[in-house]
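Engineer: One structure coming up, written as C-alpha cells, with questions to follow.
The values are calculated or read from the model by the stated rules, or taken from the named source; none is laboratory data. Worth saying up front: this structure is predicted, and the values here are computed from it rather than measured. Cβ atoms come from the backbone with ideal geometry, glycine included; neighbour counts cover every protein chain shown. Ligands, DNA and RNA are excluded from the accessible area calculation, which covers all protein heavy atoms including side chains. Shrake-Rupley method; radii C 1.70, N 1.55, O 1.52, S 1.80 Å.
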Amino acid sequence: MKKSILILLFLSISTFAAKSQSLSPVLYQDMVFKIMENLPALPASKFQPGNLLSFAKSMIGTRYRYASSNPKIGFDCSGFVNYVFKNFGINAPRSSRDFATKGQDKKLADAQVGDVIIFTGTNSRVRRVGHVGIISAVDGDEIKFIHSSSGAAKGVTITSLNEGFYKKRFMKVVSIL
C-alpha cells in the first residue's frame, strides 16, 4: 500500500513538473515576441554601404559551393550576395537571374559601392544573367567587385571589372539599397 501511494505521489509530482516546464517556454516566447514588436526598426538612413562591404570582405576566401548560401560550406555567387544583404535585413533575391528584375537599374558610370553588378554566365555570347557580385570600390574608370567565383579564384574574392573576361560579360548594375 505504501509503495502504491509513493508511486502515485511521484507520478503526480512528475506530471506537475512536466506541465510547468512546458508552459514556461511558451510564456517566455510570448514575452520575447511582445518586446520585439515594440522595438524600432533601423532607419534606412542609418545603413552604411561600408558596413555591408566590411562584412562581405570578412568572408574572402570562403570556398565556392554551387547552390549554397551557407558560409560554413561555401557560397555560389547569388548565395553570397543574398547572404550579405540578408545579414543587414535587406531582402535580396536568391538567384542571379532575379537580381536583373529587382532594384533600380543604373548606368555603369553611376555605379556606387554596395550596388549589385550583373554578368552573363561564362559564355558571354549568350546574353542571359548568370553571375552577380557587389561593387566594392569605384576608383575613376576602375570598378572592383566582391563575389563568389567558380573560376580560378574558387571562392569569395575581389576582382576588377577590367580583369579577365568580366568586361565582355557585363550586363548591368542595380541598386537594391
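Engineer: Does F99 count as aromatic (F, W, Y), in contact with a strand residue (DSSP E or B) (Cβ under 6 Å, 6 or more places away or on another chain), surrounded by 13 or more Cβ atoms within 10 Å (Cβ to Cβ) and under 21 Å from T159 (Cα atoms)? Please lay out each step first, then the result.
Structural biologist: Details: aromatic (F, W, Y): yes; in contact with a strand residue (DSSP E or B) (Cβ under 6 Å, 6 or more places away or on another chain): yes; surrounded by 13 or more Cβ atoms within 10 Å (Cβ to Cβ): yes; under 21 Å from T159 (Cα atoms): yes.
For F99, the condition - aromatic (F, W, Y), in contact with a strand residue (DSSP E or B) (Cβ under 6 Å, 6 or more places away or on another chain), surrounded by 13 or more Cβ atoms within 10 Å (Cβ to Cβ) and under 21 Å from T159 (Cα atoms) - is met.
Engineer: Scan the stretch 123-144 and give yes if some residue there is assigned to a helix (DSSP H, G or I), surrounded by 13 or more Cβ atoms within 10 Å (Cβ to Cβ) and in contact with a helix residue (DSSP H, G or I) (Cβ under 6 Å, 6 or more places away or on another chain), otherwise no. Steps first, answer last, please.
Structural biologist: From the stretch 123-144, those assigned to a helix (DSSP H, G or I) are none; that's our starting set.
No, because not a single residue in the stretch 123-144 is assigned to a helix (DSSP H, G or I), surrounded by 13 or more Cβ atoms within 10 Å (Cβ to Cβ) and in contact with a helix residue (DSSP H, G or I) (Cβ under 6 Å, 6 or more places away or on another chain).
Engineer: So R94 passes all but one of these: (1) outside any strand (DSSP E or B); (2) closer than 22 Å to F165 by Cα; (3) touching a helix residue (DSSP H, G or I) at 6+ places or on another chain (Cβ under 9 Å). Which condition number does it fail?
Structural biologist: Of (1) outside any strand (DSSP E or B); (2) closer than 22 Å to F165 by Cα; (3) touching a helix residue (DSSP H, G or I) at 6+ places or on another chain (Cβ under 9 Å), only one is false for R94: (2).
Conditions tested, residue by residue: (1) at pLDDT 95 or above; (2) open to solvent by 100 Å² or more (accessible area, probe 1.4 Å); (3) closer than 16 Å to T157 by Cα.
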{"site": "L8", "(1), (2), (3)": "no, yes, no"}
{"site": "T15", "(1), (2), (3)": "no, no, no"}
{"site": "Q21", "(1), (2), (3)": "no, yes, no"}
{"site": "P25", "(1), (2), (3)": "no, no, no"}
{"site": "F33", "(1), (2), (3)": "no, yes, no"}
{"site": "P40", "(1), (2), (3)": "no, yes, no"}
{"site": "G50", "(1), (2), (3)": "no, no, no"}
{"site": "Y64", "(1), (2), (3)": "yes, no, yes"}
{"site": "D76", "(1), (2), (3)": "yes, no, yes"}
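Engineer: Filtering the stretch 78-96 down to residues that are open to solvent by less than 20 Å² (accessible area, probe 1.4 Å) and among the aliphatic types (A, V, I, L, M), which residue is farthest from K144 (Cα to Cα)?
Structural biologist: Across the stretch 78-96, the extreme among qualifying residues is A92.
Engineer: Is it the case that some residue within the stretch 157-174 is within 19 Å of the chain's Cα centre (by Cα) and more than 21 Å from N70 (Cα to Cα)? Step through it out loud before you land on a result.
Structural biologist: First pass over the stretch 157-174, keeping only residues within 19 Å of the chain's Cα centre (by Cα): 157-158, 173-174.
So of that shortlist, the ones also more than 21 Å from N70 (Cα to Cα) come out as 173-174.
The answer is yes, given that some residue of the stretch 157-174 is within 19 Å of the chain's Cα centre (by Cα) and more than 21 Å from N70 (Cα to Cα).
Engineer: Pairs under 8 Å by beta carbon, first residue at positive phi in the stretch 68-80, partner open to solvent by less than 10 Å² (accessible area, probe 1.4 Å) and part of a strand (DSSP E or B), six or more apart or different chains?
Structural biologist: Sorted first by the residue in the stretch 68-80, then by its partner, the pairs are G74/S148; G74/G155.
Engineer: To continue, here is another question. Just to be sure, is V138 under 18 Å from P49 (Cβ atoms) and touching a strand residue (DSSP E or B) at 6+ places or on another chain (Cβ under 6 Å)?
Structural biologist: Spelling it out, it is not the case that V138 is under 18 Å from P49 (Cβ atoms) and touching a strand residue (DSSP E or B) at 6+ places or on another chain (Cβ under 6 Å).
Engineer: What tally of residues in the stretch 135-177 results from selecting those that are touching a residue at least 60 places away in the same chain (Cβ under 8 Å), closer than 19 Å to I60 by Cβ and touching a Leu at 6+ places or on another chain (Cβ under 8 Å)?
Structural biologist: Total satisfying the criteria: 2.
Engineer: Here's a check for you: in the stretch 103-122, which residue that is assigned to a loop (DSSP other than H, G, I, E, B) and farther than 22 Å from G50 by Cβ is least open to solvent (accessible area, probe 1.4 Å)?
Structural biologist: Across the stretch 103-122, the extreme among qualifying residues is G121.
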